[in-house]
Amino acid sequence: MTLASGEVFGPDQPIALKLLGSERSFQALEGVAMELEDSLFPLLREVSISIDPYEVFQDVEWALLIGAKPRGPGMERAGLLDINGQIFAEQGKALNAVASRNVKVIVVGNPCNTNALICLKNAPNIPAKNFHALTRLDENRAKCQLALKAGVFYDKVSNMTIWGNHSTTQVPDFLNARINGFPVKEVIRDQKWLEEEFMEKVQKRGGVLIKKWGRSSAASTSVSIVDAIRSLITPTPEGDWFSSGVYTTGNPYGIAEDIVFSMPCRSKGDGDYELVKDVIFDDYLLERITRVSYLLIY
Ligand code: LMR
C-alpha cells in the first residue's frame, strides 16, 4: 500500500505493481489485487498477478523478493536454506532473463544474505552490486534500543551499522553509531550493556518476536523495506549512512570476498550506493566482523 500510494517513489512517479504468487497463494493474491484496485491510488497504473516469475519480472526496475517459507518458533533462519534457496535460484534466473538490466533487487526471504548470494550468482547479466539483503530491519531495531536506553527519540540515533548477516551472528556497531551527533559510548556509559544486552537484543529480536506471537515480524519488516528503498533513491544526509547486505569485492574492511555482507553504505539517490570510508574500528569490532565474515555463510 505504501508503494502504491506514492510515498516511496514520490508524487510524480506512476507505479505498476506486479505480484508474484504460488498456486497455493494465488487466490489470496487476487484479493490483495482487488484491495489495491479499489483504493483508487492515483499513481497506480497497473496491478497484475502471476505465478510465473518470467512473466512477473519482465522489465521490472525494482524486485522485492519477499515470498519464502518463514521460520517458526525455535528455528534458526539458516534452517530455511534447503527449501528457500531453490526459490531464489529460480528467481535469479528469471531476473537475469527478463528484468531491466538496471533492476535493484532487495532480498527479504530468509536466510536473506545467502539467498541474495544465490540469486545474484544465478543472474550473471545483472551487476552483483544491484542485489541487497535486507538488514534495515536490524538497523531500525538497533536504533530503537539505543534510543530507549538513552531516553531520546529514535531519530536522534544515526550512523548505525549492522555488520554481517541478518542472523544472530550479526554485529550491531555501537562504536560508530551516534546519538544527537555524539558517539554512543559518550552518551551510554555502560560498556557491559552495549556489549551484552544491546547486542543480544538486536541479534535475537526476530526470534523473540516469533516466540511471542507465533509468526515472524510483518509490519516492521515492511516499514524497513520501504526505508531501504528510500535510502537508495534519496541522497544520504551529510555525515550519515545506512546498512545494507551487499556483495563484497576486494575485501572491503578486511571482510571476506564473494559473500553478501551488511556494511555501511551511502547513496547519491540514484539507486546505487558506495561503501562508507570513514568508519572507525577498535580491536573488538574488527575482530568480530572479520571473524564472522570468514566463518559464516548463513
Ligand atoms: C525478522 O528478523 O523478524 C525476520 O527475519 C523474520 C525472522 O525469521 O526472524
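Coordinate-derived values only; no laboratory data. Source: prediction; values computed, not measured. Positions of Cβ are generated from backbone atoms using ideal geometry, with glycine treated the same way; all protein chains shown enter the neighbour counts.
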Exercise. What's the percent breakdown of Cα-Cα distances in the chain across 5 Å bins, shortest bin first?
Worked result: 1, 5, 11, 16, 19, 17, 14, 9, 5, 2, 1, 0
Problem set entry | Mean residue ellipticity (222 nm) of the chain, computed from DSSP H runs ≥ 4 via -39,500 (n - 2.57), nearest 500 | -11500 deg cm²/dmol
Problem set entry | Convex hull volume per residue in cubic angstrom - Cα atoms of segment 2-133 | 113
Exercise. Once you mark the GluC sites (Glu not before Pro) that are in a DSSP loop and have at most 15 other Cβ atoms within 10 Å, what is the longest gap between them in the chain?
Worked result: 77-237
Exercise. Counting trypsin sites (Lys or Arg not before Pro) as exposed when in a DSSP loop with at most 13 other beta carbons within 10 Å, what is the longest stretch of the chain free of them?
Worked result: 102-188
For this session: Please arrange C119, C265 by counting, for each residue, the other beta carbons lying within 10 Å of its beta carbon, fewest first.
Result: C265, C119
Exercise. So, in nm, how far is label L286 from label E90 when the simple model puts each one 7 Å beyond its Cα toward the Cβ?
Worked result: 4.6
Exercise. Antiparallel as a % of all DSSP beta bridges within the chain, to the nearest 5?
Worked result: 55
Problem set entry | Amide hydrogen neighbours beyond the local backbone of I259, cut-off 5 Å, H modeled | T248
For this session: Calculate one ³J(HN,Hα) per residue across segment 197-208 by plugging θ = phi - 60° into the Karplus curve 6.51 cos²θ - 1.76 cosθ + 1.60, and present them in order as whole Hz with x for glycine and proline.
Result: 5, 4, 4, 5, 4, 6, 4, 9, 4, x, x, 5
Exercise. How large is ³J(HN,Hα) for each residue in segment 57-62, as worked out from phi by the Karplus curve 6.51 cos²θ - 1.76 cosθ + 1.60 (θ = phi - 60°), to whole Hz, x for Gly and Pro?
Worked result: 7, 3, 6, 5, 9, 9
For this session: Using amide H atoms built 1.01 Å from N in the peptide plane, name the residues 5+ places from I49, or on other chains, whose amide H lies under 5 Å from its own.
Result: L19
Exercise. Between D278 and N125, how many nm apart are label points set 7 Å from Cα along the C-beta direction?
Worked result: 4.2
For this session: Return the whole-Å distance between the Cα centroid of segment 102-129 and the Cα centroid of segment 164-200.
Result: 28
Problem set entry | Modelled FRET efficiency - R0 22 Å, A218 with E37, Cβ distances, 0.05 increments | 0.50
Exercise. Which residues in segment 138-165 have a backbone N closer than 20 Å to a point placed 7 Å from the Cα of W193 along the Cα-to-Cβ line?
Worked result: 139-161
For this session: Taking amide H positions as placed in the peptide plane 1.01 Å from N, state which residues far from L44 in sequence (5 or more) or on other chains have amide H under 5 Å from it.
Result: I15
Exercise. Semi-axes of segment 198-270's equivalent ellipsoid from the Cα gyration tensor, sqrt of 5 times each eigenvalue, largest first, rounded to whole Å?
Worked result: 26, 18, 11
Exercise. HN-Hα J couplings of segment 213-221 from phi, Karplus 6.51/-1.76/1.60, θ = phi - 60°, integer Hz, Gly and Pro as x?
Worked result: 10, x, 9, 7, 4, 10, 5, 5, 5
